[in-house]
Amino acid sequence: MTQIERETMEVDVVIVGAGPAGLSAAIRLKQLDADLNVVVLEKGSEVGAHILSGAVLDPCGLNALIPDWKEKGAPLNVPVTEDNFYVLGEAGKVRVPNWPMPPLMNNHGNYIVSMGNVCRWMAEQAEELGVEIFPGMSCSELVYGENGEVKGVVAGEFGKNPDGTPGDAYEPGMELHGKYVFLSEGVRGSLSKEVMAKYDLSKGHEPQKFGLGMKEIWEIDPAKHRPGTVTHTMGWPLGSNAGGGSFIYHLDNNQVYVGFVVHLNYKNPYLYPYMEFQRFKHHPMVAELLEGGKRVAYGARAISEGGWQSVPKVVFPGGALLGCSAGLVNVPRIKGNHNAMLSGKAAAEAAYDAIQAGRSGDELTAYETDLRTGPIAKDLKKVRNVKPLWSKFGLTTSLVVGGFDMWTNNILGLSVLGTLKHGKTDAAATGEAKDFKPIDYPKPDGKLSFDRLTNVAFSFTNHEESQPAHLKLKDPSIPVGVNLPKFAGPSARYCPAGVYEFVGEGADTRFVINFQNCVHCKTCDIKDPSQNINWTVPQGGDGPNYPNM
């Protein structure tokens, strides 16, 4: 094959991903040295297009990065005014009072936000400082130096034929080289996966655990709207089938975020996370709120849930993992954006010091130290046992024992349980179909609940159909030959966008990948029991176009 020739651009720091972590790193670098050449590459059509988060934002990261964010007009306009937590039954609910909750679970001082809009505002701040931001630029490859270090990325490759060969309008993109490369791709990013494998960054750490988060924006009756109200639930409809729960956040303009999270370590391959979400909205408490309202947007993404014991080594020769690429979500708080910002800031400070010292292409050990000993560690260590308790012993035990463990961590600074392990990966946790019964889900009514493909249209996702599918099968025979008979074809259910389907019967059965539907959640890459699906980036600008998720 002919070697592809590309133009090369040399900068000080290359940042992959314009989320809260990447933008924080870019801002901090330019705050420290206005002459540094900092480039941010974003695969979405614009900054914020691929951002989906709850989101109740703890402003501690923003306070550290831009102390005068209020004066600068940051879109944090809805402070939390009310905190509710319920355990649901099919027709009723039990409220868990706030007083036994550990202080870290209190949302006082936090804000209900659109993280897409927060990132758009952060991009404006970065550009005012001189950061160059290029949206619509997927980073498809890493570039390595002579000593095996990461020295850059390939970005902006367009125009391949479906078979991967260059088409008539092929553009090879360019190589961007930096003294350091920051990967802030979000959960399960393709480049982050590559460096984690190449440099064995997970060695000595527990496997990462994940959840699938699905979210709709609703416009509701103004009489029912209570700006600043935060509600979380557990229990029905998941019951013992899976861990997870919901969130309902009242923001401004009569809008409500309605979301549902399913932990991906569930065993029953017949579980259908998307339909669990749709069924949840028929609970009387939720149905009453949404009745007469209108769903205006939908999206989904994977969430890192492994916590402290699953955070890998975050530095490698020539670069670092930031934010959700490193798995910095505080699971019981359902928050990670603050840690993403803090990680970006810490990595930037380490890179600045290194560049000032004339270094490049080495490991930013100061960033690793900061993450392991600073505010991120303080946030994650206190809650490190909640997830493994839930996974091993269920909801009730995790509430009681996990709550006690968080209290002892808060008061004494230690856990009587030590640090519990997670064990299996989420893929390995999937059971065989012969050991479970299919789950009968009610048909969506088109008012409160919707079929999957109808909802996907409200993610505004789009992919150029003539390009190669960005969802790669390591062995094309496995879906029909292994996953269908052994696991009842779970990809047809775990995908929240209807990408995968089995067509035909018997010897004529085919596995179809409708990659145009993909919302870039990465669930398939995580949950496929045979680990046969590899999520890679499509060409730049493709994917969801979330309005203000």
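Residue by residue, here is whether (1) open to solvent by 50 Å² or more (accessible area, probe 1.4 Å); (2) closer than 30 Å to Val286 by Cβ; (3) without any contact (Cβ under 8 Å) to a residue 12 or more places away in the chain; (4) among the aromatic types (Phe, Trp, Tyr) holds:
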{"position": "Val456", "(1), (2), (3), (4)": "no, yes, no, no"}
{"position": "Val482", "(1), (2), (3), (4)": "yes, no, no, no"}
{"position": "Gly498", "(1), (2), (3), (4)": "no, yes, no, no"}
{"position": "Cys518", "(1), (2), (3), (4)": "no, yes, no, no"}
{"position": "Asp525", "(1), (2), (3), (4)": "no, no, no, no"}
{"position": "Gln539", "(1), (2), (3), (4)": "no, no, no, no"}
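Quick check on this structure: which one of Gly22, Gly61, Gly73 is more than 24 Å from Ala350 (Cβ to Cβ) and of a type outside the set (Asp, Glu)?
Numbers: Gly22 fails: more than 24 Å from Ala350 (Cβ to Cβ); Gly61 fails: more than 24 Å from Ala350 (Cβ to Cβ).
Matching residue, one of Gly22, Gly61, Gly73: Gly73.
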Any chance Gly22 is surrounded by 24 or more Cβ atoms within 10 Å (Cβ to Cβ), outside any helix (DSSP H, G or I) and within 20 Å of the chain's Cα centre (by Cα): no
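Mind checking which residues of region 25-45 are among the aliphatic types (A, V, I, L, M) and either open to solvent by less than 10 Å² (accessible area, probe 1.4 Å) or not in a helix (DSSP H, G or I) (or both)? Spell out how you get there, then give the answer.
Initially, region 25-45 is screened for residues among the aliphatic types (A, V, I, L, M), giving 25-27, 29, 32, 34, 36, 38-41.
Passing the criteria: Ala25, Ala26, Ile27, Leu29, Ala34, Leu36, Val38, Val39, Val40, Leu41.
Please find, within region 254-308, the residue that is farthest from Pro479 (Cα to Cα) out of those that are basic (Lys, Arg) and outside any loop (DSSP other than H, G, I, E, B).
Filtering region 254-308 down to residues basic (Lys, Arg) leaves 267, 279, 281, 294-295, 301.
Now narrow it down to the ones that are outside any loop (DSSP other than H, G, I, E, B): 279, 294-295, 301.
Working: Arg279: 28, Lys294: 37, Arg295: 34, Arg301: 23 Å.
Residue satisfying both the conditions and the ranking: Lys294.
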Subset of region 73-93 (residues that are among the hydrophobic types (A, V, I, L, M, F, W, C) and surrounded by 15 or more Cβ atoms within 10 Å (Cβ to Cβ)): Ala74, Leu76, Val78, Val80, Phe85, Val87, Leu88
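So which residues in region 153-170 are among the aromatic types (Phe, Trp, Tyr) and in contact (Cβ under 8 Å) with a residue 40 or more places away in the chain? Can you show your working first?
We begin by selecting, within region 153-170, every residue among the aromatic types (Phe, Trp, Tyr); these are 158, 170.
Result: Phe158, single match.
If you take the residues in region 41-92 that are within 24 Å of Ser138 (Cβ to Cβ) and polar (S, T, N, Q), which one is modelled with the highest pLDDT?
Here the answer is Ser45.
I'd like to know if region 46-61 contains one or more residues that are of a type in the set (D, E, K, R), open to solvent by 10 Å² or more (accessible area, probe 1.4 Å) and more than 30 Å from Val401 (Cβ to Cβ).
At the first step, the residues of region 46-61 found to be of a type in the set (D, E, K, R) are 46, 58.
Checking which are open to solvent by 10 Å² or more (accessible area, probe 1.4 Å) leaves us with 46, 58.
If we keep only those that are more than 30 Å from Val401 (Cβ to Cβ) too, we end up with 46.
Among the residues of region 46-61, at least one is of a type in the set (D, E, K, R), open to solvent by 10 Å² or more (accessible area, probe 1.4 Å) and more than 30 Å from Val401 (Cβ to Cβ), which makes the answer yes.
Looking at the structure I just gave you, is Gly130 at pLDDT 95 or above, under 22 Å from His250 (Cβ atoms) and open to solvent by less than 50 Å² (accessible area, probe 1.4 Å)? Working first, answer last.
Working: at pLDDT 95 or above: yes; under 22 Å from His250 (Cβ atoms): no; open to solvent by less than 50 Å² (accessible area, probe 1.4 Å): yes.
The answer is no for Gly130.
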Residue count, region 458-480 (criterion: open to solvent by 40 Å² or more (accessible area, probe 1.4 Å) and in contact (Cβ under 8 Å) with a residue 60 or more places away in the chain): 8
Pairs where the first residue, in region 315-344, is buried (at least 24 other Cβ atoms within 10 Å of the Cβ) and the second is polar (S, T, N, Q) and part of a loop (DSSP other than H, G, I, E, B), C-beta under 7 Å, 6+ apart: Leu322/Ser184; Gly323/Ser184; Ser325/Ser184; Gly327/Gln208; Asn337/Ser53; Gly344/Ser184
Region 51-72 residues that are under 15 Å from Trp121 (Cβ atoms), paired with ones that are of a type in the set (Lys, Arg) and assigned to a helix (DSSP H, G or I) (beta carbon under 6 Å, 6 or more apart): Leu65/Lys345
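This table checks each residue for (1) over 16 Å from Glu5 (Cβ atoms); (2) open to solvent by less than 60 Å² (accessible area, probe 1.4 Å); (3) modelled with pLDDT of 95 or more.
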{"site": "Arg120", "(1), (2), (3)": "yes, yes, yes"}
{"site": "Phe134", "(1), (2), (3)": "yes, no, yes"}
{"site": "Leu142", "(1), (2), (3)": "yes, yes, yes"}
{"site": "Gly145", "(1), (2), (3)": "yes, yes, yes"}
{"site": "Val154", "(1), (2), (3)": "no, yes, yes"}
{"site": "Asp168", "(1), (2), (3)": "yes, no, no"}
{"site": "Met174", "(1), (2), (3)": "no, yes, yes"}
{"site": "Gly178", "(1), (2), (3)": "yes, yes, yes"}
Breaking point among (1) touching a residue at least 12 places away in the same chain (Cβ under 8 Å); (2) part of a loop (DSSP other than H, G, I, E, B), for Leu414: (1)
Residue match in region 326-343 (condition: on the phi < 0 side of the Ramachandran plot and in a strand (DSSP E or B)): yes
Test: Ala197 is hydrophobic (A, V, I, L, M, F, W, C), open to solvent by 40 Å² or more (accessible area, probe 1.4 Å), part of a strand (DSSP E or B) and out of contact with any Pro (no Cβ under 6 Å at 6 or more places or on another chain): no
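Give me a count of the residues in region 237-251 that are assigned to a loop (DSSP other than H, G, I, E, B) and either touching a Phe, Trp or Tyr at 6+ places or on another chain (Cβ under 9 Å) or over 15 Å from Leu271 (Cα atoms) (or both).
Initially, region 237-251 is screened for residues assigned to a loop (DSSP other than H, G, I, E, B), giving 237-243, 251.
With the extra rule that they be either touching a Phe, Trp or Tyr at 6+ places or on another chain (Cβ under 9 Å) or over 15 Å from Leu271 (Cα atoms) (or both), the set shrinks to 237-238, 241-243, 251.
Here the count works out to 6.
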Subset of region 420-440 that is open to solvent by less than 60 Å² (accessible area, probe 1.4 Å) and in contact with a Pro (Cβ under 7 Å, 6 or more places away or on another chain) - its residue that is farthest from Met275 (Cα to Cα): Leu420
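The values are calculated or read from the model by the stated rules, or taken from the named source; none is laboratory data. Since the model is a prediction, treat every value here as computed from it, not as a measurement. No Cβ is skipped: glycine too gets one built from the backbone with ideal geometry, and neighbour counts run over all protein chains shown. Just the protein is used for accessible areas: all its heavy atoms, side chains included, with ligands, DNA and RNA removed. Shrake-Rupley method; radii C 1.70, N 1.55, O 1.52, S 1.80 Å.
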